[in-house]
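Undergrad: Before anything else, here's the structure in question.
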Amino acid sequence: FSMDQMSLMTKDVIGGDPRMTNEKLQRVLDSINEKIGWKRVKDRVKELIDLCGKSYDRELLGKPQLDIFLNRMFLGNPGTGKTSCAKLYGALLKELGFLSNGEVIVKTASDFIGGHIGESQTKTVEILKNAKGKVLVIDEAYALGADSSLGSSANAYG
């Protein structure tokens, strides 16, 4: 062992190239790739990893990283695997280093809506606080729109 041979490289600080999959990331990718009928999901995952790789290259050159937007909408009929897909997406984001915890929290629109003025805000803040570092799935999120029983201009958040 010689101190002369020790050096700290940029790669040591920022980690490895996301395009060079590690064992845990490869397990997530294998789980996604074995799904039938998920071509669009698989394409988006590949695009995300490529974008992460380009951002990594920029960081190595001392340039600003690319903006990577992680919000996704999982749309489809009941039983089509939206929640399963969201769980795999959470695991993917964890292995890519975006999340400290790849856990998926599933909430419904009714979990956000309070029974009195101001309660919805409190509930929403609490849900978001508990979802930090995790993936938040809002099942049937369309129900967060205007409450038709209160008139078209009413806000369901009270």
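Undergrad: So residue 120 ticks every box in (1) among the polar types (S, T, N, Q); (2) part of a helix (DSSP H, G or I); (3) open to solvent by 30 Å² or more (accessible area, probe 1.4 Å) but one. Which box is left unticked?
TA: So residue 120 meets the others, but not (3).
Undergrad: Can you spot a residue in segment 52-65 that is modelled with pLDDT under 90, of a type outside the set (Asp, Glu), under 26 Å from residue 132 (Cα atoms) and crowded, with 16+ Cβ neighbours inside 10 Å?
TA: no
Undergrad: Could you say which residue among 127, 105 is more than 23 Å from residue 17 (Cβ to Cβ), surrounded by 14 or more Cβ atoms within 10 Å (Cβ to Cβ) and at pLDDT 95 or above?
TA: Step by step, each of 127, 105 is checked, and only 127 is more than 23 Å from residue 17 (Cβ to Cβ), surrounded by 14 or more Cβ atoms within 10 Å (Cβ to Cβ) and at pLDDT 95 or above.
Undergrad: Please pick out the residue among 23, 34 that is at pLDDT 95 or above and surrounded by fewer than 13 Cβ atoms within 10 Å (Cβ to Cβ).
TA: Within the list 23, 34, the selection yields 34.
Undergrad: Condition first: closer than 30 Å to residue 14 by Cα, assigned to a loop (DSSP other than H, G, I, E, B) and among the aliphatic types (A, V, I, L, M). Now tell me which residues in segment 74-114 satisfy that.
TA: Residues satisfying the conditions are 96, 99.
The values are calculated or read from the model by the stated rules, or taken from the named source; none is laboratory data. The shown structure was predicted, so the numbers you read here are calculated from the model rather than taken from an experiment. Cβ coordinates were reconstructed from backbone atoms using ideal geometry, including for glycine residues, and neighbour counts include every protein chain displayed. To get the accessible areas, we keep the full protein, side chains included, count just its heavy atoms, and leave off ligands, DNA and RNA. Shrake-Rupley method; radii C 1.70, N 1.55, O 1.52, S 1.80 Å.
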